[in-house]
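Peer 1: Below is one structure. I have some questions about it.
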Amino acid sequence: MAARILAVFLLLFLSAAPLGSSLYEDQVGLMDWHQKYIGKVKHAVFHTQRSGRKRVVVSTEENVIASLDLRHGDIFWRRVLGANDVVDAIDVALGKFVITLSSDGSTIRAWNLPDGLMVWETFIRGSKSSKSLLLSGTNSKVDKDNTILAFGEGCLVAVSSADGEVLWKKDFADASFEVQQIIQSPGRDVVYVLGFVGSSSFDAYQINGKNGEVMHHDTASFAGGFSGNTLLVSDDVLVALDAAMSHLITISFQGGGLSINEKPISNLVGDFAGPVEILALKLGRMFALKANKLITFISISNDGKLDVLEKINSAAAISDALSVSDGRHAVGLVQQVDNKVEFTVKLGNDWNTNLLKETINMDHQRGFVRKVFINNYIRTDRSHGFRALVVMEDHSLLLVQQGEIVWGREDGLASILDVTTSELPVEKDGVSVSKVEQNLFEWLKGHILKLKGTLMLASPEDMVVIQGMRLKSSEKSKMTRDHNGFRKLLIVLTRGGKLFALHTGDGRIIWSRLLESLRKSEACEHPTGLRIYTWQVPHHHAMDENPSVLVVGRCQQNLDAPGILSFVDAYTGSEIKSVGPVHSVLQVIPLPFTDSTEQRLHLLIDAKQRVHLYPRSREALSIFQQERSNIYWYSVEADKSIIRGYAIKRTCVHEDAGDYCFEPRDLWSVVFPGKSEKIVSTVTQKLNEVVHTQAKVMAEQELMYKYISKNLLFVATASPKASHEIGSAIPDESFLVVYLIDTITGRILQRMTHQGCQAPVHAVFSENWVVYHYFNLRAHRYEMSVIEIYDQSRADNKDVLKLVVGKHNLTSPTSSYSRPEVVAKSQSYFFTHSVKAITVTLTAKGITSKQLLIGTISDQVLALDKRYLDPRRSLNPSQAEKEEGVIPLTDSLPIIPQSYVTHALKVEGLRGIVTVPAKLESTTLVFSYGVDIFFTRLAPSRTYDSLTEDFSYALLLITIVALIAAIFVTWVWSERKELQEKWR
Amino acid sequence: MDCKSGAGAKGFGLLGKISDVKVILNGGQKVTFLRPDGYFSFYNVPAGTHLIEVAAIGYFFSPVRVDVSARNPGKVQAALTENRRGLIELVLEPLREEQYYEIREPFSIMSVVKSPMGLMMGFMLIVVFLMPKLVENMDPEEMRRAQEEMRSQGVPSLSSLLPSAARN
């Protein structure tokens, strides 16, 4: 009771506090950390010719172009392109521009190599989609005119690399002509465009490199048909596979006319099964063939004979050829041998000699080598040295040189799929006293410095020391649980199938593990991780047990693909157990029950809406059987515009694990008119949210009861035209309808229509309110609306007399089946920015006022106080309302720069924001991820329950000392005075 | 349909950070960057009403409503959505600079005095220096009685003086 009164007082006190929290510049890095990543590297171009900064330019699967320091792996600059702007090729032109071809070959951009400024941009508009190829002048060594040849959208374009001007354009408009290769002959300014027409005919165009005119056109047909890619083996020979994937086809096209030869693959590699792939080496008359789990290197002699050079294990990556001095070419090979990696560099024309052979110890948590890029340098003794940039299975990037890993980047963290947290272990031994005494002097010195800082007496050098001390504070990066619950482990699942545990104090990686069950295997061809859940949190008396997490994955992209489950120890990262491939996984429902070992019961729903119970133990089953009648769930079929509700019918009939599998019973369905409404967004409350007060005290002593139900679903539907992107619909034909649906009964509690509005809808549901963001076409601005729902059936409990006498219905159980009498209040406001993600702060007890965390289009996270989204805001709030903290109505929501939680940083490519309550009620932990990751601690109503970071303990000490001194002085005085009195 | 426009980046001290500026069409449908001269372009923009946003750290740009005409190819109308001001040329200017940090106030005696500890000290001083004055102004009779009372209790303290002072 006392706590509650205290809470009320606190709330009253807080409502007077200024809105939002903000940061001083010297506090950056105290509570927050920011890490920059680039993603899995697709292409890399080294730039090491000149003395000075050695760098490598890379493009990644996250559409990032970045220039990295070759010495340390730091980012010099990086640009994050739009989500649809996939980079197809990169190159360096003129030694100062990075050329990128993106958006299926339709956009060519040049970036300044030193600083990443965009220099020019050229757009190719063709008639059809096609392969996109880039050929910059550097490779062909004809640097005089500096033209870049690009092929995209069915057009061949020559672009001046200095200013991006299109010199000439040749459109291969013939719909059936599929261009495969473009070659620029070194000497004669001739461009060869090679491709297939239909499936069985091969065409070669010779084009004048100066003006784009077709000089010659050859056609040859091949009965067996072609499949897939072609490879350029040299300037005049092309290799392809036939449609049946059983023959190798070599096509020589120069020297007048085309000649096609074929050879069975089995002659080269022996008997084989499964897919065949040809790998380019870009090396003099050589290529590689991947079949039978082996990579076979094959050379072609001048008369078209194929010779097998070497066969190696397929767990290897091959680099493109690199031209070493005087026309010799080298190729890099990286092979996996147990826990080690073998890096070999071979000469193209002399396959049997190795230029370099190094063995590198490699952490096996990085998996197999996926890609390798090599670069050479001249050693001091004038011999050739090689360095290799290696992309591993877990998306990490390593630079290998002289048998060592020079640097590594954990770029898997650029593609986080899901996040959960785990508490750290409890501290077992207390801090020894001697340690404290030893550091007493240091401690005192530090506090004197801090005091100087607060009194603004510190010199700039002192300030640097103070800042360093604050940042290094070992307190925040300890590996034990703290009293306030600020130190936790963030366990993140990445697209590469690797789990990372990050410390919330400083963001360092505690452990990382490539999950065996999420790796490619016979049973599971393309595994992907989906979600991560807290599986077991041992009781705090069981000190020797570690918590564990559940990772749910899927074997293929499609929804009905078999699922994979993996249980991982949260402290060590070791995989305790893995199950799978099992039934498909559509939904995972963590239940609010745990068994005797504190394992949480989870329900996994498969594609047939059958329920599978985990953990599979008798005990879990008996717990579940008791609660079976209270289990409800729903499914959203967005393509059919149907939402269905289910309950459990009986145990499965045709299933191996019969006891743990249950069949569904259809309860209800909400069918939206599919022709006029499409489901664009569904949101529910967070399962771990705590609601502190059921009632809300309004102005004039009025009481409103919140309608709080964990079973509410917010659904937004849009008219078909309004569900596409902005710019394609007009206001008259677009509308948005939002629903609040009870997922137990399927009853629609509230329905609202927004005319002239359209998707995308981003929503967040908390307590008894929903806030959603959408686009208003009439005003052509974004809008945010709030719906708050209140329970009317309890509204007459306001009478104090009734409460005292006990004639109230507050203790009667609330059921979804009782007809709810709810009132909804709603209001809309304009919001300036597009939104990428939206969430709400969660605190331990739910007392602290809430803030919305909005990830804006500029990749920043804005904290907006919920009080701005209060449906009771009016133009002239009454005095009572003002006292309560109701803000006068404005048509748009304010954007206060100080309330950006990311302050002057950007979380590039922002995708999600996660909030976790700390133990301290006032504080919540915020983790946002995208290409970058950012963590901070927020106090939505300031830290009212603890002293702030910049609290000066020294000042407190001085005050106490001064008080004690004063007591002594006054005591002496009074003694003396008393003595005088006595003498008188 | 092409839509070329100039961004008035010059004159705002933006040039140093121009590489950090992104121009975004329709909430992320297309993203482009500024050229060194401050121009940007979007290609293949169909006729209709579109929204351009600028992402630049340190500046607040209003989103811009852009109407691309279907009848007159290449004709473009633009207006700021924040204040509904029409733009004659599609030149984007930041509405204001954004300051992400609070400014620390310089040290002042008042802030120390106002802090809880300052108040405590102040109260202390008042008690130490003003109370004896109060005692001095007391009636000598009263004073003696109080002192006797004190002596009988044995502990000379200020706290036992306080209630008697208050009673007066």
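Coordinate-derived values only; no laboratory data. The structure presented is a predicted model; accordingly, all values stated were derived computationally and were not measured. In this analysis, Cβ positions are derived from the backbone assuming ideal geometry, glycine residues included, and neighbour counts consider all displayed protein chains.
Peer 1: State, to one decimal in nm, how far the label point of A:W407 lies from the label point of A:R125, with both points 7 Å from Cα in the Cβ direction.
Peer 2: It works out to 4.3 nm between the two label points.
Peer 1: Other chains' Cβ within 10 Å of B:30-40 residues: what's the mean?
Peer 2: Details: counts 8, 9, 7, 8, 3, 8, 5, 0, 0, 1, 2.
What the average comes to for B:30-40 is 5.
Peer 1: Determine the equivalent ellipsoid of the protein assembly as shown by diagonalising the alpha-carbon gyration tensor, then write out the semi-axes as square roots of 5 times the eigenvalues, largest first, rounded to whole Å. Walk me through the numbers on the way to the answer.
Peer 2: Values: eigenvalues 780, 276, 219 Å².
Gyration-tensor ellipsoid for the protein assembly as shown: 62, 37, 33 Å.
Peer 1: Okay, next question. With a ≥ b ≥ c taken as the square roots of the eigenvalues of the C-alpha gyration tensor of the range B:31-132, please select rounded if a/c is under 1.5 and otherwise prolate if a/b is larger than b/c or oblate if it is not?
Peer 2: On the way: a/c = 6.26, a/b = 4.26, b/c = 1.47.
Here the range B:31-132 falls in the prolate category.
Peer 1: Could I ask something else about it? When the scattering of the range A:894-974 is computed by the Debye formula from its Cα atoms alone, each counted once and equally, what is log10 I(q)/I(0) at q = 0.11, 0.15, 0.16, 0.26 Å⁻¹?
Peer 2: With no solvent term, the Cα-only Debye profile gives -0.52, -0.72, -0.77, -1.20.
Peer 1: Okay, next question. So how far apart, in nm, are the two label points at A:S874 and A:D218 if each is 7 Å from Cα heading toward Cβ?
Peer 2: 8.6
Peer 1: Using the Cβ atoms and a cut-off under 10 Å, what net charge is assigned to the surroundings of A:A824, where Lys and Arg are +1 and Asp and Glu are -1? Provide the component values of the computation, followed by the final result.
Peer 2: Numbers: positive: A:R751, A:K825; negative: A:E788.
Within the 10 Å Cβ shell, the charges total +1.
Peer 1: Return a whole-number percent for the relative contact order of chain A, with Cα pairs under 8 Å and 6 or more residues apart as the contact set.
Peer 2: Working: 2216 pairs, mean separation 65.3, N = 984.
That works out to 7 percent.
Peer 1: Once the piece of chain linking A:R519 and A:D560 is laid out straight, how much longer is it, given 0.36 nm per residue of separation minus the C-alpha distance between them? Don't skip to the answer; put the middle values down first.
Peer 2: Working: separation 41, 0.36 × 41 = 14.76 nm, distance 1.89 nm.
Between A:R519 and A:D560, full extension yields an extra 12.9 nm.
Peer 1: For peptide B:57-66, compute the average count of partner chain beta-carbon atoms within 10 Å of each residue's beta-carbon.
Peer 2: Numbers: counts 9, 2, 2, 5, 3, 2, 7, 1, 3, 2.
Shielding by partners across B:57-66 averages 4.
Peer 1: Oh, and also: Taking R0 as 35 Å, what FRET efficiency do you get between A:V969 and A:E25 from their Cβ-Cβ distance, rounded to the nearest 0.05? Walk me through the numbers before you get to the answer.
Peer 2: Working: r = 42 Å, r/R0 = 1.21.
The value I calculate is 0.25.
Peer 1: Evaluate peptide A:642-652: per residue, the Cβ atoms of other protein chains within 10 Å of its Cβ; return the mean as an integer.
Peer 2: Details: counts 0, 0, 0, 0, 0, 0, 0, 0, 0, 0, 0.
For this peptide, the per-residue mean of nearby foreign Cβ atoms is 0.
Peer 1: Please work out the ratio of the alpha-carbon Rg of the range B:109-152 to 2.2 N^0.38 Å and round it to two decimals. Don't jump to the answer; show the numbers that get you there.
Peer 2: Values: Rg = 15.6 Å, N = 44, 2.2 N^0.38 = 9.3 Å.
This ratio for the range B:109-152 stands at 1.69.
Peer 1: Between B:A47 and B:S152, how many nm apart are label points set 7 Å from Cα along the C-beta direction?
Peer 2: Inter-label distance under the simple model: 10.6 nm.
Peer 1: Another question, if that's okay. Assign one of three labels to the range A:572-713, namely rounded, prolate or oblate, based on the Cα gyration tensor with a ≥ b ≥ c the square roots of its eigenvalues; rounded applies when a/c is under 1.5, prolate when it is not and a/b is larger than b/c, and oblate otherwise.
Peer 2: Details: a/c = 2.06, a/b = 1.31, b/c = 1.57.
Here the range A:572-713 falls in the oblate category.
Peer 1: What is the gain in length, in nm to one decimal, between A:W983 and A:Q792 on full extension, counting 0.36 nm per residue of separation less the C-alpha to C-alpha distance?
Peer 2: Working: separation 191, 0.36 × 191 = 68.76 nm, distance 8.05 nm.
The span from A:W983 to A:Q792 would gain 60.7 nm if fully extended.
Peer 1: On full extension of the chain, what length is gained from A:I895 through A:I730, given 0.36 nm per residue of separation minus the C-alpha to C-alpha distance? Before the final figure, lay out the partial values.
Peer 2: Values: separation 165, 0.36 × 165 = 59.40 nm, distance 2.81 nm.
Length difference between fully extended and current span is 56.6 nm.
Peer 1: Let me ask something additional. Please give me the summed charge of the neighbours of A:P460: other residues whose Cβ is under 14 Å from its Cβ, Lys and Arg +1, Asp and Glu -1.
Peer 2: On the way: positive: A:K452; negative: A:D26, A:E461, A:D462.
My count for the surroundings of A:P460 gives -2.
Peer 1: First check a/c for the range B:21-80, with a ≥ b ≥ c the square roots of the eigenvalues of its C-alpha gyration tensor; if it is under 1.5, answer rounded, and if not, answer prolate when a/b is larger than b/c or oblate otherwise.
Peer 2: Details: a/c = 1.99, a/b = 1.65, b/c = 1.20.
The shape class here is prolate.
Peer 1: In 10 Å bins starting at 0, how do the alpha-carbon pair distances of the range A:321-412 split up by percent?
Peer 2: 17, 50, 27, 7, 0
Peer 1: Express the relative contact order of the range A:321-412 as a whole percentage, based on alpha carbon pairs under 8 Å and six or more residues apart in sequence.
Peer 2: On the way: 193 pairs, mean separation 17.3, N = 92.
Once normalised by length, the contact order is 19 percent.
Peer 1: Rounded to the nearest 500 deg cm²/dmol, what is the calculated helix-only ellipticity per residue at 222 nm for the protein assembly as shown, with -39500 (n - 2.57) per DSSP H run of length n ≥ 4? Present the calculation step by step, with values, prior to reporting the outcome.
Peer 2: Details: 14 runs with 161 residues, N = 1152.
-4500 deg cm²/dmol, from helical runs alone.
Peer 1: For a quick check: sort A:W633, A:W168 by the number of other beta carbons within 10 angstrom, fewest at the front.
Peer 2: In increasing order of surrounding Cβ atoms, one gets A:W168, A:W633.
Peer 1: Under 8 Å for C-alpha pairs, at least 6 residues apart: give me the relative contact order for the range A:49-136, rounded to a whole percent.
Peer 2: Numbers: 169 pairs, mean separation 16.8, N = 88.
With pairs under 8 Å counted, the relative contact order is 19 percent.
Peer 1: Where does each of A:S459, A:S635 land when they are ranked from fewest to most other beta-carbon atoms within 10 angstrom?
Peer 2: Working: A:S459 9, A:S635 16.
Lowest to highest Cβ neighbour count: A:S459, A:S635.
Peer 1: Can you sort A:L101, A:L232, A:L449 from fewest to most other Cβ atoms within 10 Å of each residue's own Cβ? Please list the in-between numbers first.
Peer 2: Numbers: A:L101 26, A:L232 19, A:L449 16.
With the fewest neighbours first, A:L101, A:L232, A:L449 line up as A:L449, A:L232, A:L101.
Peer 1: Could you tell me the calculated FRET efficiency between A:N302 and A:H654, based on Cβ-Cβ distance and R0 = 45 angstrom, to the nearest 0.05? It would help to have the intermediate numbers written out before the result.
Peer 2: On the way: r = 64 Å, r/R0 = 1.43.
Between A:N302 and A:H654 the formula returns 0.10.
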